[in-house]
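One structure below.
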Amino acid sequence: FSASGTIAFNSTFTDFGTNFGFSGNPFTRGDVTYHSRDNLTFGSLTGYTTTQPLIGNNYWTPILGDIAAGPQYSLFGFDIGTVSGTPIDSPITITLFTNLGSYVYPNLSIVNSAQGLLKFIGFLASEEYFSGFDITAVNGPGNLLGMTNVQLGQFDGSAVPEPASMALLGAGLLGLGFARRRR
C-alpha cells in the first residue's frame with residue numbers, strides 16, 4: 001500500500017491496552033474522527049482478537065468515520081476483522097465518501113479477529129479525496145467489527161492507468177482477499 005504513495009499516518013489503538021476501552025464519542029485519532037454510536041476499543045483479554053486492539057462500535061455495527069478535508073487524502077487503508085465462530089465471518093458493506101460522491105462495496109467477506117486474523121483493505125483515488133466511511137455488518141447487530149492500522153496518505157498517481165478518475169474503482173480493493181495472520 002505504501003508503494004502507492006506517501007502514508008501520512010498509521011493509527012493503531014495499542015494505547016488502550018488489551019481489554020475494553022471507551023475512547024469517547026466522537027473520538028479523533030490523527031485525521032480520522034470516529035462517530036459511531038458508542039466508540040469502543042477491544043483486544044485479546046476480551047476474547048475478540050488475539051492480535052492487537054481494534055476500534056469498533058459498542059453497539060456492534062456500523063463503524064462510522066469522517067476524514068479531515070485538509071490535507072486531502074487520496075490513500076485510505078486499514079486492517080479489519082469481525083467476530084464469529086468460523087474463520088470467515090458475516091459479510092460487510094463498505095461505503096466510502098469523497099469530495100465528489102460515494103462508493104459502495106457490498107457483501108465483502110471479512111476474517112474472524114477472534115481467531116487472530118485481520119484483513120487489509122486499501123483504497124486509492126485520483127482526482128478525488130476521501131472524506132468519510134461507513135462500515136456495516138450485513139447481518140446487522142450480532143457482528144462485532146473492529147479495525148486498526150488505519151492509514152491515510154497521498155497517492156502518487158504513477159501506478160494507475162487511465163481513466164484517472166476515481167482510480168480505486170478500477171484498481172479495486174488493494175489486498176482484498178488476502179487475510180493475514182498477525183504475529
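The values are calculated or read from the model by the stated rules, or taken from the named source; none is laboratory data. Note that the structure is predicted; figures quoted are calculated from it, not measured. Don't worry about glycine lacking a Cβ; one is built from the backbone with ideal geometry, like all the others, and counts go over all protein chains shown. Just the protein is used for accessible areas: all its heavy atoms, side chains included, with ligands, DNA and RNA removed. Shrake-Rupley method; radii C 1.70, N 1.55, O 1.52, S 1.80 Å.
The 3J(HN,Hα) values that the Karplus relation (6.51, -1.76, 1.60; θ = phi - 60°) gives for the range 97-110 are, in residue order, 10, 10, 5, 10, x, 10, 9, 10, 10, x, 6, 8, 7, 10 Hz. Gly and Pro appear as x.
Working note: Karplus 6.51/-1.76/1.60 with θ = phi - 60° gives the range 111-117 the couplings 6, 8, 5, 5, 9, x, 10 Hz, where Gly and Pro are set to x. Descending by average beta-carbon neighbour count within 10 Å, the peptides 74-80, 56-62 line up as 74-80, 56-62, the highest first. At the residue level, Ile94 shows approximately 0 square angstrom of accessible surface with a 1.4 angstrom probe and all protein chains present.
How much of the accessible area of the range 41-143, in percent, comes from carbon and sulfur atoms when a 1.4 Å probe is used? Heavy-atom surface of the range 41-143 belonging to carbon and sulfur, 1.4 Å probe: 55 percent. The range 1-149 has equivalent-ellipsoid semi-axes of 23, 17, 15 Å, by the square roots of 5 times the alpha carbon gyration tensor eigenvalues, sorted largest first.
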